[in-house]
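Below you'll find the structure, written out as structure tokens, and then a few comments.
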Amino acid sequence: MKIISNLLENIEGIQIYYIIGLLIFVTLFIIISIRTIRMPKSEVEKIKNSILNDNETEDFIPS
Amino acid sequence: MENQKFFYDNKIVRLFILATLVWGIVGVIVGLLIALQLAFPVFNLGLEFTTFGRMRPLHTNAIIFAFVGNGIFAGVYYSLQKLLKTRMFNDTLSKINFWGWQFIIVLAALSFVFGITTSKEYAELEWPIDIMIAVVWIVFGWNMIGTIIIRRVQHIYAAIWWYLATFLGIAILHVVNSFALPVSLFKSYSIYAGAQDAVVQWWYGHNAVAFFLTTPFLGLMYYYLPKAANRPIYSYKLSIIHFWSLIFLYMWAGPHHLLYQALPEWAQALGVTFSIMLIAPSWGGMINGLLTLRGAWDRVRDSAALKFMVVAVTAYGMSTFEGPMMSLKSVNQITHFTDWTIGHVHIAAMGWNGGIVFGMLYWLIPKLFKTKLFSEKLANIHFWISTLAILLYAIPLYWSAVTQWLMWREYTPEGFLAYPNFLETLTQILPMYSIRVIGGTLFMVGFIIMMFNLFKTMASGAIVNDEPAEAPALVKLGARNPAQETVHRWMERKGVRFAVFTFIALAIGGAVEIIPMIFIKSNIPTIDSVKPYTPLELAGRDIYVSEGCYTCHSQVVRPFRWETDRYGEYSKIGEFVYDHPFQWGSRRTGPDLARAGFMGGPMYKNAAWHYNHFMDPQKMNEQSIMPKYPWFAKKEIDTGIIPAKIRAMQTLGVPYPEGFDKIAVDDLMKQAQTIVADLKASNIDIEPTKQMVAMIAYMHKLGKDIMPPPAAPVVADSMAMQNNQKEVVLLTGEADFAAAKQIFQTVCAVCHGPEGKGIPPAFPNLTDSVWINGNSPAQIYHSISEGNIAKGMIPYKNQYSEKQITQLASYVLLQLNKK
């Protein structure tokens, strides 16, 4: 733990961290967005309609 | 496949609903009380248990954790079972969750009333209750994840992702922010100090909004809005993108609460950047909610539940646009510390959180009790009263905020602050506080109507505590087939796996923000002249914390001319290294106190002034809305705990000498005697062990270490005065007297009284024939211009023009003294 705290105490150029954070976000955002958009529509429709198919909902209007 | 039979646990849902209603009305009533206290200080009731400083955290905690918290549990416990087609994992855990949470709420209410608080906003509870919260929260998470594991459906619906994020987010936030070193059962010190404490606290505070007031409500929206509208959510793909973006981004944005304050620039930039980015996922959620109603707006017309949900989602959209705008530095410099913040959070709390809870209850209770809503008409009346109440609450506060930012920054053509006395601004906004009371009253009336309606609904129906249901068992799937199953679907297969990914997304932002602030030494440059608090000052500081003074007074001066002219030198990070916890505050109902101890500065007041002010602020200035604190002169300092406090501070790194704990009480008494003697010179008798003495010591410590005492003699030499005096011709015009009277009543009357009779000998009578420094026009002009620093009278040449000082001298001599 001492090694870690020594290392952390002497980190320089901390400003770069939030730029790294932004890059992490943008990268993940692009990957998740592309993969999500490519999800089959039928599967998505099935999932989102599932909560209304519970024998409790009246006058269900599917999308 | 054959269906399995099981029973939904409706009883636990009913208990949480009842708790929501009971604590909700309590929270609203306390909110109304503190709104009244700000408009009419008599509502502080003259009791130490009911002052604004103690009631305000009671209100915020009652609304957030009691009303909203129980509402979340009610919504989650019902929807989780239905979505996963299973009973809750363990009934005992459900009961511990319910009764444990209610026990915590009762303890919290009692601790606030008795002044037991850490002063960290929305995390004010002391360490034993913090531990209970952690235990009950883990029980909630255990029960929820257990329920996910024993589910009968393959898919984990979007609402549950939000519930998981809520559990994990709050667990991380609560644990990290609550680290404290106990001194006794009722007192602890945050392990973080100053700027570090501020970053951790506002990382928590901001994300408490995120993970207690936003993510669970998005989960509730994803379940109850489609159910109430009988329409599936508009876009499931959007819900995936908006979920991951939102939980990742939220954790980074906390420092936007500390812009222009004593915080490294990189941390402020981090907060602003991620706050602006938050607009996108937040509006993704709002759009998904509103578009769910496409083609079903006729149902909104007929259903109060849906109306509430529409207002809720709209308020969410408004708040999540307003919040990032307020985090822009140019906007933040004028909105921060004003009532804009209060208006902003109430749009969110009353509109978004209130709307979702009300909408959910109007839909859920008839369903749970197998009946119809007692009166749709009453529900609609509640809706319109509540919506009007939100407007009547928020608009006056926005108006008030605009008044504050214009008046605080206004300068005269001569280059002086146009309104140097804080009370001048406060007086202008008091009517807004009165209108706010009307808004709060309407909201309370609406709440009572809802309670009546819902209790009648419950009475007309019958709940089935163990509701029978059946569903096929969950079929376990094999290895992922990339062609048939997306990564997200694969993640959703196992609740624990999904939770791990959620935890990673949450933890990155927190780690990047918190770890460097705590560990990297260059972030907290120290200042050699800043010394630890003396035992008496520490005792005073603890009383300041206990009384919740931070709810009205900030202790951080931002680097703006209009702040440094009003309060003194701007604050530096190194000033706060011994502050466990920090006391920067988040709003200014009263003036900033960071420089209250700098003799010669604009905020300095002498011991006699503080004594009189604590005893009866309205006596010093009848427009003040500060509560009276006469018990400071009666209650004793707890000297028995002082050595333990010193030892705790030493453990936290405060450099008291070795063995100082053993002589700390002697040191306290020695310093107290000097204050007692000072007060005695003003004909005020008090024992050195009274809390008043400690409070005065603390007030005189604030800002003292970084501001050297004035080099000039504190009491003007009469010969020197005569040599330096300029010829003064008194002004006798009615306009001059009127202008002078206005200044006198807002500034001078605080010490000399509205009629100039003062409180001799501390504050001289200006109407008699006794003049300490002479009564020629030039001498009076000089006295006002140069002040009397030792007695707490500041040099008014720094605040008023020569003409204004001449007007004042004329008013004193020709109107008050009738010379």
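Some notes on this structure:
- Which listed residue, of B:474, B:536, B:506, is assigned to a loop (DSSP other than H, G, I, E, B), over 30 Å from residue B:798 (Cα atoms) and touching a residue at least 12 places away in the same chain (Cβ under 8 Å): B:474
- Hey, residue B:383 among the aromatic types (Phe, Trp, Tyr), touching a residue at least 40 places away in the same chain (Cβ under 8 Å) and surrounded by fewer than 21 Cβ atoms within 10 Å (Cβ to Cβ) or not: no
- Checked against (1) in contact (Cβ under 8 Å) with a residue 12 or more places away in the chain; (2) farther than 30 Å from residue B:472 by Cα, residue B:43 meets all criteria but (1).
- The set of residues in the range B:36-52 being in a helix (DSSP H, G or I) and of a type in the set (S, T, N, Q) consists of B:37, B:44, B:50.
- Residue that is nearest to residue B:761 (Cα to Cα) [pool: residues in the range B:785-819 that are aliphatic (A, V, I, L, M) and buried (at least 21 other Cβ atoms within 10 Å of the Cβ)]: B:793
- The set of residues in the range B:286-301 that are within 12 Å of chain A (Cβ to nearest Cβ) and either assigned to a helix (DSSP H, G or I) or without any contact (Cβ under 8 Å) to a residue 40 or more places away in the chain (or both) comprises B:288, B:291, B:298, B:299.
- Test result for residue B:226, within 12 Å of chain A (Cβ to nearest Cβ), out of contact with any helix residue (DSSP H, G or I) (no Cβ under 6 Å at 6 or more places or on another chain) and either in a helix (DSSP H, G or I) or crowded, with 24+ Cβ neighbours inside 10 Å (or both): yes
- Of the helices (runs of 4 or more DSSP H) lying entirely inside the range B:725-797, those carrying at least 2 residues that are in contact (Cβ under 8 Å) with a residue 12 or more places away in the chain and of a type in the set (Gly, Ala, Ser) are B:734-743, B:777-786.
- The residues in the range B:254-265 that are within 11 Å of chain A (Cβ to nearest Cβ) and either crowded, with 19+ Cβ neighbours inside 10 Å or touching a residue at least 40 places away in the same chain (Cβ under 8 Å) (or both) can be counted, and the count is 2.
- Only one of the numbered conditions (1) touching a Lys or Arg at 6+ places or on another chain (Cβ under 6 Å); (2) modelled with pLDDT of 95 or more; (3) not charged (D, E, K, R) is violated by residue B:153, and that is (2).
- Qualifying position, being assigned to a helix (DSSP H, G or I) and either touching a Cys at 6+ places or on another chain (Cβ under 9 Å) or more than 14 Å from every other protein chain (Cβ to nearest Cβ) (or both), among B:112, B:89: B:112
- Exactly one residue among B:293, B:278, B:306, B:364 is more than 18 Å from the chain's Cα centre (by Cα), surrounded by 20 or more Cβ atoms within 10 Å (Cβ to Cβ), within 26 Å of residue B:382 (Cα to Cα) and modelled with pLDDT under 95, and that residue is B:293.
- Count of the range B:229-274 residues which are assigned to a helix (DSSP H, G or I) and polar (S, T, N, Q): 4
- Single condition residue B:54 does not satisfy, out of (1) farther than 21 Å from residue B:543 by Cβ; (2) buried (at least 19 other Cβ atoms within 10 Å of the Cβ): (1)
- Among residues that are more than 9 Å from chain A (Cβ to nearest Cβ), touching a residue at least 24 places away in the same chain (Cβ under 8 Å) and hydrophobic (A, V, I, L, M, F, W, C), residue B:514 is included.
- Residue in the range B:316-338 that is surrounded by 21 or more Cβ atoms within 10 Å (Cβ to Cβ), assigned to a helix (DSSP H, G or I) and hydrophobic (A, V, I, L, M, F, W, C) present: no
- Residue count, the range B:31-89 (criterion: farther than 20 Å from residue B:546 by Cα and of a type in the set (Gly, Ala, Ser)): 8
- Yes/no for residue B:181 being touching a Ser or Thr at 6+ places or on another chain (Cβ under 7 Å) and either closer than 28 Å to residue B:584 by Cα or away from chain A (no Cβ under 14 Å) (or both): yes
Table: residues versus (1) in a loop (DSSP other than H, G, I, E, B); (2) out of contact with any Phe, Trp or Tyr (no Cβ under 9 Å at 6 or more places or on another chain); (3) surrounded by fewer than 24 Cβ atoms within 10 Å (Cβ to Cβ).
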| position | (1), (2), (3) |
| --- | --- |
| B:497 | no, no, yes |
| B:544 | no, no, yes |
| B:555 | yes, no, yes |
| B:582 | yes, no, no |
| B:590 | yes, no, yes |
| B:593 | yes, no, no |
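- Of the listed requirements (1) at pLDDT 90 or above; (2) out of contact with any His (no Cβ under 9 Å at 6 or more places or on another chain), residue B:439 misses just one: (2).
- Residues in the range B:622-638 that are surrounded by fewer than 21 Cβ atoms within 10 Å (Cβ to Cβ) and more than 14 Å from residue B:692 (Cα to Cα): B:622, B:623, B:624.
- For the range A:11-63, the tally of residues that are farther than 16 Å from residue B:155 by Cα, among the polar types (S, T, N, Q) and at pLDDT below 80 stands at 4.
The values are calculated or read from the model by the stated rules, or taken from the named source; none is laboratory data. Since the structure is predicted, the reported quantities are computational estimates derived from the model, not experimental observations. Neighbour counts run over all protein chains shown; Cβ positions are idealised from the backbone, glycine included.
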